[in-house]
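Here the structure comes first, spelled out in structure tokens, and everything after it is commentary.
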Amino acid sequence: MFGRFISVSLFAILVMLTGCATRTKMAFESDDGKLTEKSKPVFLMTATIKNTYKTSWQPKLKVVNVEKANAKDATDRLNFTMDEKAKAESDDPAIGSNYFLRLELDPGNYEIVGMSSLASTFPINAFFFAPLHAGITVGEPGVYYLGHVNATVRERQGDEFKAGPSIPLIDQAIAGASGGTFEIEVIDDFVKDEALFRSKFNALAGVKITKALLPTFDRAKAQAWWQAH
């Protein structure tokens, strides 16, 4: 019975992480992948996620949530899932976990809604959501750099948006998801990130990477979205 409870809990968290969306692989998962003139545009970004509030519970990124403008159904909502190439994870709160994200998109207007993470140590499974709500316009083929996102959980003050849902009550409270909030910044770390991406992904050899930086994080927008949901 207890094992069944754990399985059901994990299934519920998986549903929260994926929602009504299309599971999508990131670019360059295959070592022999190559970019051509007909390849879809690819958007690169790095992210660091850490928990400085409840330091024993470090979130691990599972999904980057992206939506087409005026999304209506699951086909308009893309959940980019982590592969092994994306991960440089740590349980050290001073370092956090780092990720190399590669979003391959058809032309159009999109919003990077946020990043869904999980902190899990038996028997606790806690869900975190770092909002971004950053719009991007996808046009010509090429490779574009969106920037580096620092997403750090700190103690929540007043009515600030929570770092995750309140339920399940015990799990979310213990890990700091319901009692914490995310402090988020977007920075231009192009020189460092370009070198790292090129060292990790052979498909980028000889390919120009163009800056297309995300806007500064809009905390008021994230707060309004959280209150509406």
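Report the rotationally averaged projected area of the stretch 95-210 based on its alpha-carbon convex hull, in square nanometres.
Approximately 9.2 nm², given one-decimal rounding.
Compute the acute angle (0 to 90°) between the alpha-carbon long axis of helix 2-18 and the principal axis of greatest extent of the alpha-carbon atoms of the chain; round to the nearest 10°.
Relative to the chain, helix 2-18 is tipped by roughly 40 degrees.
Which entries in Lys38/Lys60; Lys200/Lys221; Lys62/Lys85; Lys40/Lys221 show an alpha-carbon gap greater than 24 Å?
Lys38/Lys60; Lys200/Lys221; Lys40/Lys221
Can you tally the net charge around Phe100? Count Lys and Arg as +1, Asp and Glu as -1, for every other residue whose Cβ sits under 13 Å from the Cβ of Phe100.
-1
Measure nothing but the geometry: give the 0 to 90° angle between the long axis through the Cα atoms of 219-228 and the longest principal axis through the Cα atoms of the chain, rounded to 10°.
Orientation of helix 219-228: about 60 degrees from the principal axis.
As an exercise, use a Förster radius of 41 Å and the Cβ-Cβ distance of Glu183 and Lys38 to find the FRET efficiency, rounded to the nearest 0.05.
After rounding to 0.05, the efficiency reads 0.50.
Of the listed values [x] 18.6; [y] 18.1; [z] 19.9, identify the label whose number matches Kirkwood radius over Cα pairs in Å calculated from this model.
Computing Kirkwood radius over Cα pairs in Å and matching it to [x] 18.6; [y] 18.1; [z] 19.9 gives [y].
With a 1.4 Å probe and all protein chains left in place, how much of the accessible area of the stretch 52-112 comes from carbon and sulfur atoms, in whole percent?
44 percent
Where both partners of a DSSP beta bridge lie in the chain, what percent of those bridges are antiparallel, to the nearest 5?
75 percent
Relative to the longest principal axis of the C-alpha atoms of the chain, give the angle of the C-alpha long axis of helix 190-200, reported between 0 and 90° and rounded to the nearest 10°.
Its long axis makes an angle of about 90 degrees.
On the accessible surface of the stretch 156-222, probed at 1.4 Å, how many percent belong to carbon and sulfur atoms?
Using a 1.4 Å probe with all protein chains present, the stretch 156-222 comes out at 58 percent carbon and sulfur.
In Å², and per residue, what accessible area does the chain have when probed at 1.4 Å with the other protein chains present?
Using a 1.4 Å probe on heavy atoms only, each residue of the chain averages 50 Å².
Quantify how much of the Cα-Cα distance distribution of the stretch 158-229 extends past 21 Å, in percent.
52 percent
What is the magnitude of the charge dipole of the stretch 101-229 about its Cα centre, with +1 placed on the Cβ of each Lys and Arg, -1 on the Cβ of each Asp and Glu, and no other charges, expressed in debye to the nearest 20?
Magnitude of the dipole: close to 220 debye.
The values are calculated or read from the model by the stated rules, or taken from the named source; none is laboratory data. What you see is a predicted model, and the numbers here were worked out from it, not measured in a lab. Backbone-built Cβ (ideal geometry, glycine too); neighbour counts: all protein chains shown. Note: accessible area is taken over every heavy atom of the protein model, side chains too, but ligands, DNA and RNA are not part of it. Shrake-Rupley method; radii C 1.70, N 1.55, O 1.52, S 1.80 Å.
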